[in-house]
Amino acid sequence: MVLPKLNTSPKYEMVIPSSKQTVRYRPYLVKEEKVLLMAFESNDSSQAMNAIIDTILVCVDENIKRETLTTFDVEYMFTQIRSKSVGETSKVNVKCEECETLNAVTINLAEVELDTPESVNNEIELTPEVSIELSYPSADSLINIDKEATQAEKILATIVASIDVIKTEEERVSTKDVTKKEVEEFVDGMTGEQFSNLAEYVKDIPTLKENVEFVCENCGHNNSRELVGFTDFF
């Protein structure tokens, strides 16, 4: 007796935010959901992100290079895949702004917005002789940031991962041709004003956003909150 194969379809389409490439994908299956659940239960952010990226790659038909997926690509793509796998709604706990009681709020993942700018100035002049070219960092490049790192350390790591090219009057140096430590030392040598220009670029990296409104079940306060970033949605 040969058992039937399940779920050879359906297929759905989505657009990768950073590249605007249209890809076809399927819902994740039980075997993939088990890996995700184990990763989430580990409370290890690196393990969880690796599991999410692996799930995206296996569910998408097209051959996508892992290192090309930005942080917001991963956020958006996993949200879309998850909505077709276990339902378009997700329940999240949101603190009341008045009494800080956690309230269960249901959000529609299909309606979650990701605003990506039409154009971005990715070249920053540091001095008349030195400028840099930036790109949104890949999710893969940020996986190993220590979860105990301070916010300042996370911003620094994101800036280092965002620098593509360092240009002088004589040469154009790709950061792929130097060590990560050398790039970190280059950033450490910046003035506060130069660093703040890079921090602005990092601050404006697209991310998932959704406004939610709810009445606190404890104090009755009318809340209007904005969920921002991947962890707010799951």
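The table that follows gives values for the structure above.
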{"item": "Residues of region 69-89 satisfying the condition of being surrounded by fewer than 18 Cβ atoms within 10 Å (Cβ to Cβ) and outside any loop (DSSP other than H, G, I, E, B)", "result": "Val86, Thr89"}
{"item": "Options Asn63, Asn144, Asn50; residue that is loosely packed, with under 14 Cβ neighbours inside 10 Å, of a type in the set (S, T, N, Q) and at pLDDT 90 or above", "result": "Asn63"}
{"item": "Residue in region 21-32 that is of a type outside the set (A, V, I, L, M, F, W, C), within 15 Å of the chain's Cα centre (by Cα) and closer than 22 Å to Lys209 by Cα present", "result": "no"}
{"item": "Unique match (being surrounded by 12 or more Cβ atoms within 10 Å (Cβ to Cβ), hydrophobic (A, V, I, L, M, F, W, C), outside the structural domain of Ile145 (by TED's automatic domain parsing) and in contact with a strand residue (DSSP E or B) (Cβ under 7 Å, 6 or more places away or on another chain)) among Ile56, Ile16", "result": "Ile16"}
{"item": "Hits in region 22-65 - residues which are more than 21 Å from Tyr12 (Cβ to Cβ), in a helix (DSSP H, G or I) and of a type in the set (D, E, K, R)", "result": "Lys34, Glu41"}
{"item": "Filter result (exposed (fewer than 15 other Cβ atoms within 10 Å of the Cβ) and closer than 27 Å to Thr68 by Cβ) within region 165-183", "result": "Glu171, Arg172, Ser174, Lys176, Asp177, Val178, Thr179, Lys180, Lys181, Glu182"}
{"item": "Among (1) under 25 Å from Asp204 (Cβ atoms); (2) touching a helix residue (DSSP H, G or I) at 6+ places or on another chain (Cβ under 9 Å), the one test that Ser85 misses", "result": "(1)"}
{"item": "Pair list, Cβ < 7 Å and 6+ apart or interchain, from region 163-179 residues that are free of Cβ contacts under 8 Å to residues at least 60 places away in the same chain to residues that are of a type in the set (Lys, Arg)", "result": "Val165/Arg172"}
{"item": "Single condition Phe214 does not satisfy, out of (1) more than 25 Å from the chain's Cα centre (by Cα); (2) in a strand (DSSP E or B); (3) loosely packed, with under 15 Cβ neighbours inside 10 Å", "result": "(3)"}
{"item": "Residues of region 99-154 satisfying the condition of being in a strand (DSSP E or B) and closer than 23 Å to Asn211 by Cβ", "result": "Leu102, Asn103, Ala104, Val105, Thr106, Ile107, Asn108, Glu113, Leu114"}
{"item": "Failed condition for Val23, given (1) over 25 Å from Val228 (Cβ atoms); (2) at pLDDT below 95; (3) in contact with a strand residue (DSSP E or B) (Cβ under 7 Å, 6 or more places away or on another chain); (4) not charged (D, E, K, R)", "result": "(2)"}
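Residues are listed down the side, and each one gets a yes or a no for (1) surrounded by fewer than 17 Cβ atoms within 10 Å (Cβ to Cβ); (2) assigned to a helix (DSSP H, G or I); (3) at positive phi:
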{"residue": "Glu185", "(1), (2), (3)": "yes, yes, no"}
{"residue": "Glu200", "(1), (2), (3)": "yes, yes, no"}
{"residue": "Asn218", "(1), (2), (3)": "yes, no, no"}
{"residue": "Ser224", "(1), (2), (3)": "yes, no, no"}
{"residue": "Leu227", "(1), (2), (3)": "no, no, no"}
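The values are calculated or read from the model by the stated rules, or taken from the named source; none is laboratory data. These numbers come from a predicted model, not from an experiment. Neighbour counts run over all protein chains shown; Cβ positions are idealised from the backbone, glycine included.
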